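The values are calculated or read from the model by the stated rules, or taken from the named source; none is laboratory data. Predicted model, so just to flag it, every value in this text is computed and none were measured. Please note: Cβ atoms are built from the backbone with ideal geometry, for glycine as well, and neighbour counts cover all protein chains shown.
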Amino acid sequence: MKYDLSAACACVTGRVRKNNEDNFLFDGRLLEEENRGLPAPLTAVCKKAEDAVFFGVFDGMGGEADGQVASHLAAWEMKRMLEQRQPGDDPIDLLRETVDKMNREVGSRAEAEFTRMGTTAVIGCFFDRSVIVCNVGDSRAFLVHRKKLSQVSTDHTDAAFMISQGITNRKPRLTQYVGMHEEDGAPVASFYETPAVRGDSLLLCSDGVTDMVPESEIERIINTFSAPKAAVEALIDAAIRSGGRDNATAILVRIGLRESHSFFGFKREIV
């Protein structure tokens with residue numbers, strides 16, 4: 001299958017934080033460990049892509065500097081793994097291996113520096129006739145199909161526990177993340193796969209977007225702006241106007257297929 005993909009990436013520090021703990025992998029590019037986000041969105045156009053195409057967003061945590069170290073390590077490790085992949089490698093197996101490698105690298109750095117750090121990861125892959133989403137943590141992926149927004153990632157948090165206990169005075173805590181200590185077990189990534197359909201869009205974003213912008217507004221923005229660059233600029237602007245309490249990163253990919261195929265509503269979660 002040959003794809004036409006158009007994509008854009010925006011990343012800002014926000015109004016409250018002084019440092020940027022978000023990072024990304026976009027068209028082979030990522031931020032340096034010390035950074036203040038992007039001065040302007042990045043864009044990419046992929047014509048007639050025959051190999052798998054990957055994008056990733058990482059939201060670090062662990063203190064003033066540790067979060068940005070963790071997210072940078074994860075983005076860099078993903079870039080390295082993709083550069084070493086071989087033709088014919090199964091993307092799901094590769095993503096599982098990448099998450100495992102990212103976890104070991106972040107954990108080793110934390111152990112060496114006698115600290116705790118970690119990062120979320122949400123990755124989108126376009127391969128053959130499918131869109132594959134892999135995530136650890138609460139950075140989210142949304143698919144817009146026929147102008148309807150749906151979350152296709154899994155939030156790895158204790159939100160269900162909070163609801164059952166009537167706890168309302170804090171944000172849900174992560175139960176899975178990249179950089180987990182050995183005593184807590186290795187992170188188990190969630191996967192989702194759906195057909196690649198002309199006109200659909202995939203959004204990857206950190207919680208600096210989703211905590212600030214309601215899903216109804218995210219849907220409206222993506223459907224309003226046909227160019228990915230304009231859409232991510234509007235999403236980030238909405239997050240800032242709503243308070244900008246956290247770093248905010250968004251990658252939007254619009255799908256165009258070079259060949260038409262019939263699909264039958266196929267969707268599957270990968271265990």
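Quickly run through the range 231-254 and pick out the residues that are hydrophobic (A, V, I, L, M, F, W, C), more than 21 Å from PHE126 (Cβ to Cβ) and assigned to a helix (DSSP H, G or I).
ALA234, ILE236, ALA238, ALA239, ILE240
What number of residues in the range 182-201 are assigned to a loop (DSSP other than H, G, I, E, B), under 20 Å from ALA110 (Cα atoms) and over 18 Å from the mean Cα position of the chain (by Cα)?
2
Select from the range 86-107 the residues that are free of Cβ contacts under 8 Å to residues at least 12 places away in the same chain and of a type in the set (Lys, Arg) and list them in ascending order.
Listed by number, the list holds a single entry, ARG104.
Step by step: first the residues of the range 131-162, then only those that are buried (at least 21 other Cβ atoms within 10 Å of the Cβ) and touching a Pro at 6+ places or on another chain (Cβ under 7 Å), then the one that is farthest from HIS72 (Cα to Cα). Which residue is that?
ILE132
In the range 77-96, is there at least one residue being modelled with pLDDT of 95 or more, over 21 Å from CYS205 (Cβ atoms), surrounded by fewer than 18 Cβ atoms within 10 Å (Cβ to Cβ) and touching a Phe, Trp or Tyr at 6+ places or on another chain (Cβ under 8 Å)?
yes
Among (1) at pLDDT 95 or above; (2) surrounded by fewer than 19 Cβ atoms within 10 Å (Cβ to Cβ); (3) part of a strand (DSSP E or B), there is one condition ALA40 misses while meeting the rest; what is its number?
(3)
Only one of LEU143, LEU82 is part of a strand (DSSP E or B) and on the phi < 0 side of the Ramachandran plot. Can you tell me which?
When all the criteria are applied, what remains is LEU143.
Given ALA189, ALA239, ALA227, ALA234, which one is out of contact with any Leu (no Cβ under 9 Å at 6 or more places or on another chain), modelled with pLDDT of 95 or more, over 14 Å from LEU143 (Cα atoms) and crowded, with 24+ Cβ neighbours inside 10 Å?
Exactly one of ALA189, ALA239, ALA227, ALA234 is out of contact with any Leu (no Cβ under 9 Å at 6 or more places or on another chain), modelled with pLDDT of 95 or more, over 14 Å from LEU143 (Cα atoms) and crowded, with 24+ Cβ neighbours inside 10 Å, namely ALA239.
For PHE114, all conditions in the list (1) assigned to a loop (DSSP other than H, G, I, E, B); (2) hydrophobic (A, V, I, L, M, F, W, C); (3) buried (at least 17 other Cβ atoms within 10 Å of the Cβ) hold save one; what is the number of the exception?
(3)
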